[in-house]
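Student: First the structure, then my questions, so here it is.
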Amino acid sequence: MNCKGILLVGIPNHLNWLTFARKPCSSNDYPRVIIYINVRLSSFCFSLWKDIINYKDILLTSFFNDNIIFWIMNIYSNSSHSTLKYLKDTEVNITNLLIMTGDFNIRDIIWDLSFPHHSAISNDLMILADSYNLDLSIPTHQISTRYSHHRRKHHLIKVLHCKK
């Protein structure tokens, strides 16, 4: 909703950014993830790959550099962690995944020192990240990406990046 209480529909668009989103298959299938690519990077030939991962809350995007394919994955996982469960149960062989980012809906002391507990689902995320050869990237200055109506429940972006 905007500041006047009017429901906003759609995505923000700007001439300097390309948007990648999955087309809904039905009226109940609207995706909750989008990827923005700056137009100055368009020479890298970005592509959305639904034939590898076709799940409404995952965007798998590729680009080419020096004839090598690289991957970016953007994820939304609800409070039931359905997307993480999907990835855990789906065998996908992706090499050169540079970054996996999104809202995983996991609070954990590993990346949020104000939260006093460790979650078992965090272990699943880290095992999954390790299977793609990714490490957790923790920002030096954490800023919440969304504040809930419930006190002390906020979300931090988790970024998993390619291991050196």
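The values are calculated or read from the model by the stated rules, or taken from the named source; none is laboratory data. In this text the structure is predicted, and so the values were computed from the model without any measurement. Ideal geometry is used to build each Cβ from the backbone, glycine not excepted, and the neighbour counts take in all protein chains shown.
Student: Of N123, N105, N96, N78, which residue is of a type outside the set (A, V, I, L, M), over 16 Å from F20 (Cβ atoms) and in contact with a Phe, Trp or Tyr (Cβ under 6 Å, 6 or more places away or on another chain)? Quick ask: steps written out before the conclusion?
Tutor: Details: N123 fails: in contact with a Phe, Trp or Tyr (Cβ under 6 Å, 6 or more places away or on another chain); N105 fails: in contact with a Phe, Trp or Tyr (Cβ under 6 Å, 6 or more places away or on another chain); N78 fails: in contact with a Phe, Trp or Tyr (Cβ under 6 Å, 6 or more places away or on another chain).
Sole residue among the options that is of a type outside the set (A, V, I, L, M), over 16 Å from F20 (Cβ atoms) and in contact with a Phe, Trp or Tyr (Cβ under 6 Å, 6 or more places away or on another chain): N96.
Student: Filter region 41-59 down to the residues that are within 23 Å of H14 (Cβ to Cβ), in contact (Cβ under 8 Å) with a residue 24 or more places away in the chain and either out of contact with any Ser or Thr (no Cβ under 7 Å at 6 or more places or on another chain) or not in a strand (DSSP E or B) (or both) and list them by number. Walk me through how you get there before you give the answer.
Tutor: At the first step, the residues of region 41-59 found to be within 23 Å of H14 (Cβ to Cβ) are 41-48, 59.
Now narrow it down to the ones that are in contact (Cβ under 8 Å) with a residue 24 or more places away in the chain: 42, 46, 48, 59.
Once the filter is applied, which keeps residues that are within 23 Å of H14 (Cβ to Cβ), in contact (Cβ under 8 Å) with a residue 24 or more places away in the chain and either out of contact with any Ser or Thr (no Cβ under 7 Å at 6 or more places or on another chain) or not in a strand (DSSP E or B) (or both), region 41-59 yields S42, F46, L59.
Student: Continuing with this model, one more query. State all residues of region 63-84 that are more than 21 Å from S26 (Cβ to Cβ) and more than 14 Å from the chain's Cα centre (by Cα); if no residue qualifies, say none.
Tutor: Scanning region 63-84 gives F63, F64, N65, D66, N67, I68, I69, F70, S79.
Student: What's the total number of residues in region 1-54 that are in contact with a Leu (Cβ under 8 Å, 6 or more places away or on another chain) and under 18 Å from D103 (Cα atoms)?
Tutor: 9
Student: For residues that are in a helix (DSSP H, G or I) and under 18 Å from the mean Cα position of the chain (by Cα), scanning just region 85-121, find the one that is nearest to L60 (Cα to Cα). Steps first, please.
Tutor: Pass one, region 85-121, residues in a helix (DSSP H, G or I): 85-89, 120-121.
If we keep only those that are under 18 Å from the mean Cα position of the chain (by Cα) too, we end up with 85-89, 121.
Working: K85: 17, Y86: 14, L87: 12, K88: 16, D89: 17, I121: 22 Å.
Filtering first and then ranking leaves L87.
Student: Tell me, which residue of region 91-108 that is more than 16 Å from H81 (Cβ to Cβ) and of a type in the set (A, V, I, L, M, F, W, C) is surrounded by the most Cβ atoms within 10 Å (Cβ to Cβ)?
Tutor: L97
Student: Pairs only if they're at least six apart or on different chains, beta carbon under 7 angstrom, first in region 7-35 and within 17 Å of S82 (Cβ to Cβ), second assigned to a loop (DSSP other than H, G, I, E, B) and charged (D, E, K, R); list them, first residue then second.
Tutor: R22/K50; R22/K56; D29/K56; P31/R22; P31/K56; P31/D57; R32/D57; V33/D57
Student: Going by the structure shown, is I34 within 24 Å of S122 (Cα to Cα), surrounded by 12 or more Cβ atoms within 10 Å (Cβ to Cβ) and β-branched (V, I, T)? I'd like the intermediate steps shown before the answer.
Tutor: Numbers: within 24 Å of S122 (Cα to Cα): yes; surrounded by 12 or more Cβ atoms within 10 Å (Cβ to Cβ): yes; β-branched (V, I, T): yes.
Answer is yes for this residue.
Student: With (1) of a type in the set (S, T, Y); (2) surrounded by 13 or more Cβ atoms within 10 Å (Cβ to Cβ); (3) at pLDDT below 90; (4) under 25 Å from N28 (Cα atoms) as the list, and S137 as the residue in question, which single condition is left unmet?
Tutor: Evaluating S137 over (1) of a type in the set (S, T, Y); (2) surrounded by 13 or more Cβ atoms within 10 Å (Cβ to Cβ); (3) at pLDDT below 90; (4) under 25 Å from N28 (Cα atoms) leaves (4) as the failure.
Student: Here's another thing I want to ask about it. Of the residues that make up region 20-32, is at least one part of a strand (DSSP E or B) and on the phi < 0 side of the Ramachandran plot?
Tutor: Here is the first cut: in region 20-32, the residues part of a strand (DSSP E or B) are 20.
Next, from what is left, pick out any that are on the phi < 0 side of the Ramachandran plot: 20.
Yes - at least one qualifying residue is present in region 20-32.
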